[in-house]
Each structure stands twice: as C-alpha cells, then as structure tokens.
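Here is the structure we will look at.
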Amino acid sequence: MRLGPFILRRLAISIFVLFGLSILIFLIARIVPGDPARMALGPRAPVDVVERLRQQMHLDKPLLQQYGLWLWEVVHGNLGDSLVTRRPVKQDIREFFPATLELVGLTAIFIAVAGISLGVISARYSNTWFDNVVRLFSYLGIVTPAFAWAVILMLLFGFVWHLFPTYGRLTEGVIPPSTITGMYTVDSLLNGRFDLFCDAVVHLILPAIALALPPMSQAARITRSSMADNQNKDCIASMIAYGVPNRIVTGKYLLKPSLISPITVMALDIAATFGYAFMVEKIFGFPGMARYGIQVMLNKDVNAIVGVVMVLGVVFITLNIVVDIIVAYLDPRIRLLGRSV
Amino acid sequence: MTTEGMLTSGAIENPWFRTLDSLKRTWYKFSRNWLSVLGLVMVITIVFLAVFAPYVAPYPQHAGKFVDFKGKNQPPSWQHLMGTDTIGRDILSRIIFAFRNALLMAIVVLAVSVPLGTLTGMTAGYYSGTWVETVIMRVTDVFISLPPIILALSIAAMLKPTLMNSMIAVTVSWWPWYTRMTYTLALSIRNEYYVQAAELTGASKIHILFREILPNCSSSLFTKMALDVGWVTLVGAALSFVGLGEQPPNPALGTMIAEGVERMPAQWWIALFPALAIMFVVLGFNLFGDGIRDALSPEEA
C-alpha cells in the first residue's frame, strides 16, 4: 500500500492552502476601512496612545513587512493580543474552544452514525414505508437550518416534555471537573466522576441534535442514493447469484464504495457546523466560542477574528486530511493511482 | 407575426417558436412532479410578498421604527396572526418585509457570484494544464478551504455591520463554489466532439467558451442558482442572527430569531415564526430547484 507518499502530498497541498488562507485573511483584516488601533481604543482615546498601539501592531510599516512580521509570530504560535479582553488570543481560544469542540465532536458522531445507518437501512429496504419516512424527514432536515431546529427542539424537549436541560454546560451549582483538556466530558471521565460525565452529556444532547439534523439528513440522502447506484451494478448481482450472504454483500462490498461521497460531503458539513454552532450555542446559553466570537466580532477585534479563523482553518484542513486518508483506504484507485477516477 | 403566419412559414425554422416549444416541454416535465409545482407556488408566494410588502403586510408601519408597549408580547390572534414582539410590532408584517431584504441579498450575491464564478471556472476548465488553470484553481482552493458560513462570518465581522457589507461578505465566500462547479463541467465538456469540431473549423476561443461550453453548463447553473437563493437566505439569516447584517429597527429574519430566543419559553412565537419563515424559503427554493434539475436534465435512455 502506497499510502505514505499520498498522505505526504496531501500534507504539502494543505500547507499551501493554509498559507493562502493566512494571506487572504490578513489582507481582508488590513484593507477594511478604518484603523484597527483606533477602533480598539474607541473614538475618545488620545492620539499618542493610538499611535503607540499602531506601532505595537506594526500598522505603520509597509503591508508586506506587516504580513511577514505577523506570519513570523503565527508560525511561533503567537496570535497576538485580543484588543477587547487584553489577553493573548491563544489563551482566550484555549479557554472557550474546548466547549465548542466537545459539542461539534458529539455532533460529528451523530452525523456519521445516524446519517450513514439511516441511509444504509433506507437503501436496503428501498421503497418501503421506512424508506419513504426517512426520505421525507431527510428533506425536511436538510432545509431546516440548525438554529431553527434549536428553537423547535428547545420548545418541545425543554418546555413541553421536560426531558433535557436547555441551558448551559452543567446543572447550575455543579462544580465543573478540574481542567485537563477543558472538555467537561473528557475531564470528568479522567477524574473518575461518572455523575459529572452524565450531566455534561445530557446538556450536550439537544444542541448537538439541533446541529446534527441538517448534515445528518444530507448524509442519509447521499448514502442512500450512492448505495442505490451501486446496488444495480453487475458485480453485486453476480455476488448475490453466487450465494454470498446478503449481510456480507451489503456490509462489505456495497458499503465501502458507497461511503466515499457521503464521507466527503460530511467533512465539509462538520466543518460548517463550527459556524452554525455560534447560533445554537447562543440559543442554548452554551458557553463556547459563540459568546467570545460574537463579542470580538461586534467589537471589530481584528487580532482575535484572524486568530479564530486561523485556528478553524487548521481544524478544517486536518479534518480534510483525515477524510482523504479514509477515502484512500476505501478506494484503492485513489490510494494506488493518486487520483479519483 | 401572427400565429397563423408562424405556422405557415415553416414553424420549425422559427427560433421563437422553437423556444416556446422547448419551454412547453420543460414545463411539462417540471409539472409532472407535484412537489416541484408546490415549490414553484412557494417561490411565487415569497416573491409576491416581498415585492408587494407595503400592500400585503397587515401593519406596514411596523416594519420600521414603531413602538406600541400596550400591545407588546401578544400571542397569535386574529389581529396578529403570528403575535407581536417585545415592543408590540406585528411579527407577520415584519417577516414579510424581511423577505425583501433576504431576496435582495440573494439577487445581489448571485448577480456577482454567478458571472464571476462561471467565467473563471470555464476559463480554468478550458485551459486546463496551463498556468491559467493553476492560478485560478489554487486561489479557489484557498477560498473553499473554509465553509461559506465561516468565511462570511469572519469577513462580515471585520466590516461595519450593514446589509450591504453582509452581502459583500457572502459574495466573497460564494463565488468560488461556482468556479469549482463550472470548472468540473468545462473539463468534461471540452473533450466532447462538438468542441473539438469547433476547434478544427477554427472557431475563436470566445466562441468556444461562450457558445459551446457555457450553454452546456446552463442547466447545472440554473439548478444551483435556484437552490442557492434558499441557502443565501439561510447564511444571511445566520449573519443577522449574530448582529452582522441589517440593523434594527429594520426587519431581518436572523435578528428576529435572536430577539425571540431571549423570550423563549413564555413568548415562543417571537422566535418560532421567523425560524419557520426561513424554513419556508429554503424548502420552497429547494423543491423548485430540484424541479428545475429534473426538467432540464436530458431524457433518460
């Protein structure tokens, strides 16, 4: 298996894309009308203070030099200071990001497990009532944005049926587990506190379902249609004719090639979940990136915005590489020839 | 020319007659699926409400600066079909006016993204293997390394929060997806025999790009455009939800949800109806777009 060179090449492309993204986001941050230093300090700050901040932010130097200085810092893991909280952006992100990561992680599990299994069952029993119900609901799922689901789920489960809590990360008054990763579910398990783990998971369920429903429905639809396409191939018919058990035909020979397109789409959807998480977190009062993100956005905190985008960029590119490896594992044509056919 | 004249003077050669004929056939295929027709009805409803908002909204003055503290937080009733918000404005009227901004945004975003994306994608696809392709597609790669919602949020965050700037932000994150789609299409079309035939007969590059490749991309383009009106509305609502779009007191679907969420258990209608309105727009344009795809795709053998 020549997976090594394939991954190396993907990695090289990713670094190039990340570099391009840094130029793009830096350029946008610098060409927007208005002086970032002035905006950070407010209209009544004295001129010499603004001038000092400008020098600190290297705003008085030529654009190319600014970019070079900024990139040098970023490569060394320094994203600059937030102009609002006056703390290093890195520290802010480390504080708020784990909660969102935890939420998106659970969402991703929902999307992958529920989306693919619904699609597979739907294709296996195509044109039965189950298939029709799944198709109808997946259509509704796709067209209803995550924040609309959040409102609907909150009403149904939180206020009509009282099944799940609808606010925060933990029940009020409960002391969070000591910080190791910042993710409550992981930390509570590492501390051996199973009660805390349950509490954290229960709080995650509604927002995660709201975030998962649209991409999950999309995944189910794509899995179903690509299973249906492959079902009609001669190789499958001959395998059934040879008497290969249905379980093995579906689970092994049909599933592998059919998973390629849903997995590719899922990667982008999971990445987009970080965006929709902003709204869903706000609706459920979940203290993740949303609170911080909205605050820095409304205050035009350029350093923090650029920092958050760069971190998300790294996350997405990692996600894409993981997906490429999975796809390469599933599809020997990509793995061996280095291209899709 | 009269109908009679058209029929007698060789109907087949008359281009207008042919267009009419193909339109009829497209409509026939489109209307066979009742879901597509439902989508069309929803789209027409949305456009009608948006265009004639001042005449159809029950309380047009509630769309702007208006306060009625006596009538605040009223649940849905015959006077206010969707209730009133925290300062007594009729939610139905505000939703109808918000459709205007949503459609305006979709039109502006698509009016820039589609020509820009199509042109770059077509060029990159036709000149594949040259530096033109490399430059265009690598730039596109950078833009699509982030999902549109994230890129739009971060660009809008750095600009002043206005409707215009949110349109700019969405446009910047939208065009590369058109580039990529047209690029993929052009890559396969350029190897077709009719393109090679045109090249052999000495047709100009412009002719090949616009008369051979572009028309064959059109059905995918139209489908994507119809679907995208819904998605742009959704992303626009997401931007206004966090406060980066049309500013109060002007109505925007996202802002209305954000306001309603704070009143959630008791005054549920303030958040629920704008959320359903977004769902209605996305569903309508999705059904419509799927119908267009079915109607424009070539007959299956």
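Of all residues in segment B:152-194, those satisfying the criterion of being assigned to a loop (DSSP other than H, G, I, E, B) and within 11 Å of another protein chain (Cβ to nearest Cβ) are B:159, B:160, B:161. Being of a type in the set (Phe, Trp, Tyr) and either surrounded by fewer than 17 Cβ atoms within 10 Å (Cβ to Cβ) or modelled with pLDDT under 80 (or both) is the filter here, so list the residues in segment A:301-341 that pass it. The answer is A:329, and nothing else. Restricted to segment A:172-261, the set of helices (runs of 4 or more DSSP H) holding at least 1 residues that are closer than 20 Å to residue A:115 by Cβ comprises A:194-231, A:255-258.
Scanning segment A:270-305 for residues being facing chain B (nearest Cβ under 7 Å) and of a type in the set (Val, Ile, Thr) gives a total of 4.
The residue list A:314, A:308 contains one member that is assigned to a helix (DSSP H, G or I), touching a residue at least 12 places away in the same chain (Cβ under 8 Å), more than 10 Å from chain B (Cβ to nearest Cβ) and not basic (Lys, Arg), which is A:314. The set of residues from segment B:238-275 being at the interface with another protein chain (Cβ under 7 Å from one of its Cβ atoms) and within 24 Å of residue A:217 (Cα to Cα) comprises B:238, B:241, B:257, B:271, B:272, B:275.
Restricting attention to segment A:129-145, the residues that are within 14 Å of chain B (Cβ to nearest Cβ) and part of a helix (DSSP H, G or I) total 10.
Rundown of residues vs (1) closer than 30 Å to residue B:199 by Cα; (2) assigned to a helix (DSSP H, G or I); (3) modelled with pLDDT of 90 or more; (4) not small (Gly, Ala, Ser), yes/no style:
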residue	(1), (2), (3), (4)
B:110	no, yes, yes, yes
B:114	yes, yes, yes, yes
B:117	yes, yes, yes, no
B:136	yes, yes, yes, yes
B:146	no, no, no, yes
B:150	no, yes, no, yes
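The residues on offer are A:117, A:126, and the sole one that is in a helix (DSSP H, G or I) and either away from chain B (no Cβ under 11 Å) or exposed (fewer than 15 other Cβ atoms within 10 Å of the Cβ) (or both) is A:117.
For segment B:235-256, the count of residues that are in a helix (DSSP H, G or I) and either of a type in the set (Asp, Glu) or surrounded by fewer than 24 Cβ atoms within 10 Å (Cβ to Cβ) (or both) is zero.
Whenever a residue of segment A:82-93 is buried (at least 21 other Cβ atoms within 10 Å of the Cβ), its partners that are assigned to a strand (DSSP E or B) and of a type in the set (D, E, K, R), lying with C-beta atoms within less than 8 angstrom and at least six residues away or across chains, give the pairs A:89/A:81. Of the residues making up segment A:29-57, those that are more than 25 Å from residue A:294 (Cβ to Cβ) and crowded, with 16+ Cβ neighbours inside 10 Å number 2. Taken together, the criteria exclude residue A:220 from residues that are of a type in the set (A, V, I, L, M), in the same structural domain as residue A:276 (by the TED database) and surrounded by fewer than 13 Cβ atoms within 10 Å (Cβ to Cβ).
The values are calculated or read from the model by the stated rules, or taken from the named source; none is laboratory data. Just so it is clear, the model here is predicted, and its values are computed rather than measured. Glycine gets a Cβ as well: all are built from the backbone with ideal geometry, and neighbour counts include every protein chain shown.
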